[in-house]
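Rule-based calculations on the coordinates, nothing more; no lab input. Keep in mind that what you see is a predicted model, and the values were worked out from it rather than measured. Here the Cβ positions follow ideal geometry from the backbone for every residue, glycine too, while neighbour counts run over all protein chains shown.
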Amino acid sequence: MSLTIGALYGIAYSGLHTRELEMATISHNLANLQTVGYKRVQLVAQDLIASQEEAEAAGERWLPAGTYLAATRRLTQQGAIETTGNPWDLALDGPGYFQVQEPDGTISYTRAGAFHINGDGRLATLDGASVLPPVTLPVGAQDVYVDRRGRILAEVNGQVQVVATLQIARFANPEGLQMIGANRFLATAASGPAQLGQPGTPGYAEIVTQALEKSNVDLSVEAIAMVAAQRAYSLNLRMLQITDRLHTLALELRA
Amino acid sequence: MIRGVYAVAASMRELIELQARLSNNLANLNTPAFKQELPILTPIGDQEIAPVGAQLGATGQAIGPLGFGVYQGEDRLDLSQGPLEAHDNPLALAINGEGFFRVQTPEGERFTRDGNFGRDAAGYLVNSRGDRVLGEAGPIQLPEGDVTVTPDGSIWVAGAFVGRLALATFAGPEALTRAGDGLFVGENPQPAPPGQARILQGYIERSNVDVAATLILAMTALKTYEASQRMLKMQDEQTGRLMDLARFG
């Protein structure tokens, strides 16, 4: 019992399928070129082998079985910080995530710091989820300012005072966070639990006020990856054609 | 004549397997640090053929050698260096030179050149499967902070020495068996002598697949398969005619 022609179709298909996923991921990155706090995603393809039994039956140490998508990685490197002038736009300069309370009560984490003060006077994301720990401005607060250590200063009754302090979360393995859309993430066993701390302390990002962290997608990097994926796709297509020709030849033997 | 059929059929089977390895090369064009297989088909022991009756004492002259088809040479794993590419992951490590990273997997110790590493929840240096990477003193636990890896494989975090990567080398490609996921099972690993390889931080090794060589081999294999198929049909027709003769003779 040796390798069948059918296995050849499987190998060529695995190459085509993995490249398709790769191209979809690149498109996703490109679509998020302007998304605040977005981290680019990269697929990790790995090689596959047939089972040990199959290899032994064919008298080989191993039989190849193509490729597959082994992992999806988020490249968490810092995005550029761009000044916006909006007082509640907060950018993180360094590692860490803002904590956000989802409508169902779970806590999610984000680096997209485009916040605003909602109707209840609380600091919230643009889609209305509260930032944790809750920040509420006292009535009559004026000239609000957020410093690099996350302290929110405001002038209340003619006196400047600290009205709240932001806390951010960091993770042993931020790549392990699970994306839930809207650029927000949940902690998982892979990421480890959130470790809370004050911005600007060792290991935690500083807050840059009136600024946003831009997406870390690099247009030229993605464009090159797209060309490489397309090239690899057509090469796998060529192998599929050769496989098909081999199959036809084998079938003709029956005639 | 039947002997010819077996020779051709064996070649055709080998060509399918050759094609599998070539397709696999191109399927893994974007697999980090993938090592290609470029099998070389070699003829199986030629046998001298003499005319029928020669063995009965007649002074028949030998007809010539008859091959028994082809098989793939053994040393087909190409361990040559793949191109290095800069990568945004600060824990992406590439080996420039000979050697393999050692990783601890549930199936036992494995060897890889794919150094697109990360941290797990406990802070250990892991590969993209989550297997722990081995240093000279076992798995490497990284404290929080910026990691610096020097070309000799020493790892520093925030200025403090954490450990040194242990690279393994092997006698040759025959000591390595592909295990999938960029991993190899290795026989008799030896510690890499110092200076044989440099570790580059922020780089990954791309696959070493030679697209042109793979395509040319694949096209040659297809033509050989086509020729073999015709030979097989021809010999089958001849056998058929012989049987017709036997029937009416």
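Below, the figures for the structure above:
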read-out: Pairwise FRET efficiency - residue A:86 versus residue A:61, Cβ, R0 = 51 Å, nearest 0.05; value: 0.25
read-out: Shape parameters for region B:84-205, alpha-carbon atoms, Rg then Dmax in Å; value: 13.4, 41
read-out: Whole-Å semi-axes of the ellipsoid equivalent to region A:196-251 (Cα gyration tensor, √5λ, descending); value: 53, 15, 7
read-out: 0 to 90° range, to nearest 10: angle between helix B:211-248 axis and chain B longest Cα axis; value: 30
read-out: Normalised contact order of region A:15-76, rounded percent, pairs of Cα under 8 Å and 6 or more residues apart; value: 39
read-out: 27 Å Cα-Cα reach of residue B:223 towards lysines, excluding residues that sit fewer than 8 places from it in its own chain; value: B:35, B:233
read-out: Amide N proximity, region A:49-84 versus residue B:86 label position 7 Å along Cα-to-Cβ, cut-off under 19 Å; value: A:75-81
read-out: Residue A:164 long-range amide H proximity, modeled H, under 5 Å; value: A:152
read-out: For chain A: Kirkwood Rh in Å [reciprocal of mean 1/r, alpha carbons]; value: 21.6
read-out: Shielding by other protein chains, A:46-54, mean Cβ within 10 Å; value: 5
read-out: In nm, spacing of pseudo-spin labels at residue B:196 and residue B:42 (7 Å Cα→C-beta vector); value: 2.5
read-out: Size of the protein assembly as shown as Cα extents on the principal axes (Å, biggest first); value: 125, 49, 34
read-out: Efficiency of FRET from Cβ geometry, residue A:161 and residue B:144, R₀ 30 Å, rounded to 0.05; value: 0.40
read-out: Fluctuation leader among A:51, A:14, A:234 - chain A, Gaussian network, Cα springs under 10 angstrom; value: A:51
read-out: Cα centroid separation, region B:1-40 to region A:126-154 (Å); value: 66
read-out: Partners for residue A:39 among lysines (Cα-Cα distance below 18 Å; same-chain residues under 8 apart left out); value: A:214
read-out: Per-residue [θ]222 nm for the protein assembly as shown (sum of -39500 (n - 2.57) over DSSP H runs n ≥ 4, rounded to 500); value: -9500 deg cm²/dmol
read-out: Selected from A:128, A:105, A:96 as most flexible by GNM, with chain A as the system and alpha-carbon contacts under 10 Å; value: A:105
